[in-house]
Amino acid sequence: MKNTISAPASIISVDQVSFYYTNQPVLEDITLHIKKGDFLGLVGPNGSGKSTLVKILLGLHAPESGTVQLFGTPVKKFKSWDQIGYVSQKANSFNSGFPATVFEVVAMGLYGKIGLFRFLGKAHKEKIKQTLSSVGMLEFKDRNIGELSGGQQQRVFIARALVSDPEILILDEPTVGVDTASVQAFYELLSHLNKKRGITLLLITHDVGAMTSYVTKVACLNKSLHFHGSTKDFEESDMSSLYGHDVHLLTHEHGGGGH
Amino acid sequence: MFDLFFQYEFLRNAFLAGIIIGFLAPVLGVFIVVRRMALVTDALSHITLTGIAFHLLLSQSAVFLQAINPLYMGMAFSVGGSILMEKLRHVYKHYQEIAVPIIMSSGIGLGVVFISLADGFNNDLFNYLFGSVLAVTPTDLTAITAVLVVVVILLVLFYKELLFLAFDEEQAKVSGIPNKWLNFLFIVMTALVIASSMRIVGILLVSALVTLPVAAAIQLSKSFKQMFIYSIIIGEISVISGLVSAFYLNVAPGGMIVLIALGILLLVIGGRKAGGMGVRKLRGRKTLEWRKA
């Protein structure tokens, strides 16, 4: 599959962004660049502004100052939303009584790309099945989404984000409500998407432990950016200063216990 | 026993209008229920009454209005009310449901004043409150048919966008779905369907026809498409048998229609409880959870 990182162009550029919520600073002077092929873990304690930053990236909030560019276009003017796959934190707590099948949920990921006044065609249906198969959920396509386990639902939401062939996948706390056994398999899937399919990933999480064995770059956020670099240079002291107490990182290899 | 319904024009009108409403109200109801907007229909039906009372009051002095169907004024008020409600939801971001009682009570308050200025309740108004088989005029049928055509075209065109918005509004927005004007379009469609339903079921019971068939269908459906099919079947059974029985029993059709829809809902809930264990084994579902809704 495609994996051209010869001249890394910034997919997401955040420059000197600040955001206030009723005069309380939530984000201060954030500069962050995500390049093609990155698997960036954005970590920080609860209330550090992670989700706010994501909402700014997606144009759901406007920053007080600073600029955000997606694929070189200011976010306000950005139109190619099918280039960005987003799995929200809320995906875990959606209305589980909603009567939709797995197939119907994944189809939604194509709606923006298909556009208004057009319908789901044969090629689209094929694409949906293919995407479901790539996350190992094809056999569940006719099941009601509410009947699945948290881990299975999360795979369906990944499929929904992937079905439009995005360049980048943004995942906001994707492992909340997913059992520990599934979490590791989930990270394996993300790692596979990044390495084999060349999909750029932005993973937002407060769970530093497991994540550091999979991501290639780390950014630490607590109102301002405390660290931004490759996982190798990431030290426990960085985390401790961020969280205000000792934090023990896992070894940078797969598996291992919690912190 | 259906013979009479084809012999007399007024009965045929009521029958045709009923079939249209039995289709439209549950179809829109599917979206209304999953968006948790069931109470909104109540508020909009009350503001429709305000519009009708306003028309009746005006037509006392402006004679030309007597030639115009009051339903159109009702629709205009309902659409206006829906727009106000959307605005109020943005004013009270953290208490969005407060928009419903504000619109509903101001609708009733204004309506009652109009009614008393127009010399109080008459038979016509009573028909609007509870529905009537006899009250459906040819111009009503024209208006209802127009609403049917408009709403069906809009639903077919925007089905996928409306589904996505109902399932996850934020995600839909991020996918580039124009959420603001689609929400607006949806509430206008709701207002139109509510106004057209009141000739048959009456203002006080419109929301029942929008929600009861869907409430039964949600118990039976696995997919969103199935929800439509079951809702329409249950809606049509309720309206047709309700109209016929109301005619022969000489009672208000709105009441009969709602009682039949309620009966079906209770049967479905009872049937699922009794058959739940068997169904679970038959389908081999290991993780089926009872829906909380």
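A:D172 meets all of the listed conditions (1) more than 13 Å from every other protein chain (Cβ to nearest Cβ); (2) open to solvent by less than 10 Å² (accessible area, probe 1.4 Å); (3) at pLDDT below 90 but one, namely (1). A residue that is open to solvent by less than 70 Å² (accessible area, probe 1.4 Å) and within 17 Å of the chain's Cα centre (by Cα) occurs somewhere in the range B:87-100. Looking at this structure, is A:S182 modelled with pLDDT of 90 or more and in a helix (DSSP H, G or I)? No. Given the criteria at the interface with another protein chain (Cβ under 8 Å from one of its Cβ atoms) and either out of contact with any strand residue (DSSP E or B) (no Cβ under 9 Å at 6 or more places or on another chain) or closer than 22 Å to B:Q226 by Cβ (or both), does A:A107 qualify? Considered against the rule, which asks whether it is at the interface with another protein chain (Cβ under 8 Å from one of its Cβ atoms) and either out of contact with any strand residue (DSSP E or B) (no Cβ under 9 Å at 6 or more places or on another chain) or closer than 22 Å to B:Q226 by Cβ (or both), A:A107 comes out as yes.
Out of the residues in the range A:150-162 that are surrounded by fewer than 24 Cβ atoms within 10 Å (Cβ to Cβ) and touching a Ser or Thr at 6+ places or on another chain (Cβ under 6 Å), which is nearest to the other protein chains (Cβ to nearest Cβ)? Across the range A:150-162, the extreme among qualifying residues is A:G151. Could you please tell me which pairs satisfy a Cβ distance under 8 Å, a separation of 6+ or placement on different chains, a first residue in the range A:139-161 that is modelled with pLDDT of 90 or more, and a second residue that is of a type in the set (S, T, Y) and assigned to a helix (DSSP H, G or I)? What qualifies is A:A159/A:T131; A:A159/A:S134.
Filtered by the rule that a residue be modelled with pLDDT under 65 and small (G, A, S), the range A:202-239 gives a lone residue, A:S237. So which pairs qualify, if the first residue must be in the range B:254-271 and open to solvent by 40 Å² or more (accessible area, probe 1.4 Å), the second must be modelled with pLDDT of 95 or more and of a type in the set (K, R), the Cβ gap must be under 7 Å, and the two must be at least 6 apart or on different chains? Hits for this filter: zero, empty list. Checked against (1) of a type in the set (A, V, I, L, M); (2) buried (at least 18 other Cβ atoms within 10 Å of the Cβ); (3) in a helix (DSSP H, G or I), B:V156 meets all criteria but (2).
Per-residue answers, yes or no, for (1) open to solvent by less than 30 Å² (accessible area, probe 1.4 Å); (2) facing another protein chain (nearest Cβ under 9 Å):
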| site | (1), (2) |
| --- | --- |
| A:A100 | yes, yes |
| A:I114 | yes, yes |
| A:E126 | no, no |
| A:V135 | yes, no |
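All of B:V34, B:V40 fail the test of being buried (at least 18 other Cβ atoms within 10 Å of the Cβ), out of contact with any Pro (no Cβ under 8 Å at 6 or more places or on another chain) and touching a residue at least 40 places away in the same chain (Cβ under 8 Å), apart from B:V40.
Being in contact with a strand residue (DSSP E or B) (Cβ under 8 Å, 6 or more places away or on another chain), of a type outside the set (G, A, S) and not in a helix (DSSP H, G or I) is a description that does not apply to A:L120.
So that you can scan it fast, the table gives a plain yes or no per residue for (1) of a type in the set (A, V, I, L, M); (2) open to solvent by 30 Å² or more (accessible area, probe 1.4 Å); (3) touching an Asp or Glu at 6+ places or on another chain (Cβ under 8 Å):
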residue: A:V176; (1), (2), (3): yes, yes, no
residue: A:V183; (1), (2), (3): yes, no, no
residue: A:E188; (1), (2), (3): no, yes, no
residue: A:H192; (1), (2), (3): no, yes, no
residue: A:V215; (1), (2), (3): yes, no, no
residue: A:V218; (1), (2), (3): yes, no, no
residue: A:L221; (1), (2), (3): yes, no, no
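Only strands (runs of 3 or more DSSP E) whose full extent lies in the range A:35-97 are considered here, and the ones with at least 1 residues that are modelled with pLDDT under 90 are A:39-43, A:84-87. Considering the conditions (1) without any contact (Cβ under 8 Å) to a residue 40 or more places away in the chain; (2) assigned to a helix (DSSP H, G or I); (3) within 11 Å of another protein chain (Cβ to nearest Cβ); (4) open to solvent by 10 Å² or more (accessible area, probe 1.4 Å), B:K222 is excluded by exactly one of them, (2). Test B:G51 against the stated conditions and say whether it is closer than 14 Å to B:V100 by Cα and assigned to a helix (DSSP H, G or I). No, not satisfied.
The values are calculated or read from the model by the stated rules, or taken from the named source; none is laboratory data. As the structure is a prediction and not an experimental result, all values here were calculated from the model. For neighbour counting, all protein chains shown are included, and Cβ atoms are generated from backbone atoms with ideal geometry for every residue, glycine included. Only protein heavy atoms, including side chains, enter the accessible area calculation; ligands, DNA and RNA are left aside. Shrake-Rupley method; radii C 1.70, N 1.55, O 1.52, S 1.80 Å.
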